[in-house]
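**Q** Here it is, the structure, as C-alpha cells.
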C-alpha cells in the first residue's frame, strides 16, 4: 500500500477512529494517560487527545518521566507541565534512576515503562505517540540486533507492558500508520488553534522540548533516524512506509505461528512447566516457536537470540542428574525431573538468619511473614522445649508424619520433588532438637511425626 499524502489520515481522525475501536474491544478502560516527554510528537498527541478524549467519554491526564540524564531535565519536566496545563490536563512528574549499563537507551526505556506502570490504574491506558517512522526505525534496529520473527514484528498498536513488579498496563499507539511529517505539519496548526481559543497563554506554553540526544549519533536509534533512514528515503521515497508494512506482515506471520504453538501447548499436561521429552521431539524451529510463545504467556521477557543454541545443548540434552540454568534479565530457565521451569529472581531470595521463638503459642514475625503457632493441645510436651525458626542449613534429619524412621531433609525434598532452587527457601520450625514442621516456598506445611495429627485443632 502506498503512503502518499492523499491516503494518510488526519491525526485527529486517526486518533478518533482508533479510540472508537478501543471503546468496543477494551470497554473497561475509561481513562487515557498521555506519555508526555514534551517533544513534538508527544505534544501533538496531547493536543489531539485533549480534543478527542472528552468527546468519547474518556478522562485524560499526562505523565512525564524525569530520567535525570540531562542537565535540562528539570526544565523539560516544567515545560511538560505547562503544555498539559495549557489544555487543562494534569501532568504528573515521575522521577526515575536509570541503571548504569552498556545500553543507556534500553535501561532508560525499562525504567520509564516500569515507572509508568506503577503510576497507572487498571482502568487506564497509556497513549504513546509512536508513528510510522518510529516503526521503521524499530525494524531496522532489531534487524541490526539479529532479532527473530517476534522481534521483527515491530511495535503493536495495542499491547501491554508487564513491569518488573508484575504490574501490567495497556499501551496504545494510535498513530503507527502516520508518517512523522504528517504529525509535524499538523502540530503548528494545533498550537495556533490553542492560542486562538486562549489568547492569554504565554507564547512559550506550547513550545516543544528539543532533546539534544535526538541529534547524537552515538545512540543507535538517532543514527538510524538522522542518517540511515534519510539515505534509504533518498533512494526509495516510501522507505518508512514499506518498512512499516513489512513489520505488519511479519506480525501477522508471528501471530499465525503463535496460534500453532497454542495448539501444541494446549495438548500438554502442565501449564507452568514444559516437558523435556515433548520439546525434544520437535525440530529446532518449532522448539523456538513453542518456547517463545510459552514465555510470552508466562509474562516473561523474550529469550535473548544468542541463547537459542544453548536451549538444546544445555537444557534438553543435559544429563538426567544435571541442574542446568539459562539466566537472562531477571529470569531463568531450569530443568528438574524432566520438566523445564521458568523461575524469577524474586523467587530465589534466601531466608534471613533464624531466630528463637520465645513464646511458640503466640504469632511470630519473621522473613516478612507472620507465622502462626501450631494447633497443638495445651498440654503437649513439645511446648516445654525451646522453639526456634530458621532456614534449612543442610544435614537436618526429621521424621515426617506417617514415616517410621527419621530421614535426611535433603532426601525428603527429593522424594517430594521439590526443585533444588526452592530448597534454600525452606523454613524449619524446631522444638529443641526436633524438627516439628517444614514450610516450603509454595507455601505448603509438612508436619513431623512428633506432632500428633489428633492433637491438631
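The values are calculated or read from the model by the stated rules, or taken from the named source; none is laboratory data. The shown structure was predicted, so the numbers you read here are calculated from the model rather than taken from an experiment. With ideal geometry, Cβ positions are generated from the backbone for all residues, glycine too; neighbour counts draw on all protein chains shown.
**Q** Mind checking which residues of segment 77-97 are under 27 Å from the mean Cα position of the chain (by Cα) and either under 14 Å from residue 209 (Cβ atoms) or surrounded by fewer than 17 Cβ atoms within 10 Å (Cβ to Cβ) (or both)?
**A** Once the filter is applied, which keeps residues that are under 27 Å from the mean Cα position of the chain (by Cα) and either under 14 Å from residue 209 (Cβ atoms) or surrounded by fewer than 17 Cβ atoms within 10 Å (Cβ to Cβ) (or both), segment 77-97 yields 77, 80, 90, 91, 92, 93, 95, 97.
**Q** Taking residue 228, is it more than 29 Å from the chain's Cα centre (by Cα), assigned to a helix (DSSP H, G or I) and at pLDDT 95 or above?
**A** Taking the combined requirement at face value, the residue does not satisfy it.
**Q** Out of segment 7-16, which residues are loosely packed, with under 14 Cβ neighbours inside 10 Å and touching a residue at least 24 places away in the same chain (Cβ under 8 Å)?
**A** Selection gives 10 alone.
**Q** Within segment 402-419, does at least one residue satisfy the condition of being within 26 Å of residue 298 (Cα to Cα) and exposed (fewer than 12 other Cβ atoms within 10 Å of the Cβ)?
**A** Looking for residues that are within 26 Å of residue 298 (Cα to Cα) and exposed (fewer than 12 other Cβ atoms within 10 Å of the Cβ), one finds at least one in segment 402-419, hence yes.
**Q** Return the residues of segment 22-37 that are under 16 Å from residue 54 (Cα atoms) and surrounded by 13 or more Cβ atoms within 10 Å (Cβ to Cβ); say none if nothing qualifies.
**A** Result: 22, 23, 29, 30, 31, 32, 33, 34.
**Q** Hey, another quick one. Could you say whether any residue in segment 337-356 is modelled with pLDDT of 90 or more and more than 22 Å from residue 421 (Cα to Cα)?
**A** Yes, segment 337-356 contains at least one residue that is modelled with pLDDT of 90 or more and more than 22 Å from residue 421 (Cα to Cα).
**Q** In addition: Just checking, which of 160, 136, 125, 117 is crowded, with 21+ Cβ neighbours inside 10 Å and under 19 Å from the mean Cα position of the chain (by Cα)?
**A** Of 160, 136, 125, 117, the one residue that is crowded, with 21+ Cβ neighbours inside 10 Å and under 19 Å from the mean Cα position of the chain (by Cα) is 125.
**Q** Name the residues in segment 309-323 that are in a helix (DSSP H, G or I) and in contact with a helix residue (DSSP H, G or I) (Cβ under 6 Å, 6 or more places away or on another chain), would you?
**A** 316
**Q** Please state which of the following conditions residue 441 fails to meet, knowing it meets all the rest: (1) surrounded by fewer than 17 Cβ atoms within 10 Å (Cβ to Cβ); (2) modelled with pLDDT under 85; (3) out of contact with any strand residue (DSSP E or B) (no Cβ under 8 Å at 6 or more places or on another chain); (4) farther than 20 Å from residue 359 by Cβ.
**A** Exception for residue 441: condition (1).
**Q** Just checking, which of 106, 146 is over 26 Å from residue 82 (Cβ atoms), in contact (Cβ under 8 Å) with a residue 12 or more places away in the chain and assigned by TED's automatic domain parsing to the domain that holds residue 22?
**A** 146 is the lone residue from the list that is over 26 Å from residue 82 (Cβ atoms), in contact (Cβ under 8 Å) with a residue 12 or more places away in the chain and assigned by TED's automatic domain parsing to the domain that holds residue 22.
**Q** If you don't mind, there's one more thing I want to ask. What tally of residues in segment 349-381 results from selecting those that are within 19 Å of residue 441 (Cβ to Cβ), surrounded by 10 or more Cβ atoms within 10 Å (Cβ to Cβ) and out of contact with any strand residue (DSSP E or B) (no Cβ under 8 Å at 6 or more places or on another chain)?
**A** Residues that pass the stated criteria total 2.
**Q** Just for strands (runs of 3 or more DSSP E) wholly inside segment 328-432: which have at least 1 residues that are under 36 Å from the mean Cα position of the chain (by Cα), assigned by TED's automatic domain parsing to the domain that holds residue 272 and touching a residue at least 60 places away in the same chain (Cβ under 8 Å)?
**A** Strands (runs of 3 or more DSSP E) meeting the threshold: 331-336, 339-344.
**Q** Among the residues of segment 216-225, is any under 30 Å from residue 88 (Cα atoms), within 30 Å of the chain's Cα centre (by Cα), surrounded by fewer than 15 Cβ atoms within 10 Å (Cβ to Cβ) and assigned by TED's automatic domain parsing to the domain that holds residue 67?
**A** No; the residues of segment 216-225 include none that is under 30 Å from residue 88 (Cα atoms), within 30 Å of the chain's Cα centre (by Cα), surrounded by fewer than 15 Cβ atoms within 10 Å (Cβ to Cβ) and assigned by TED's automatic domain parsing to the domain that holds residue 67.
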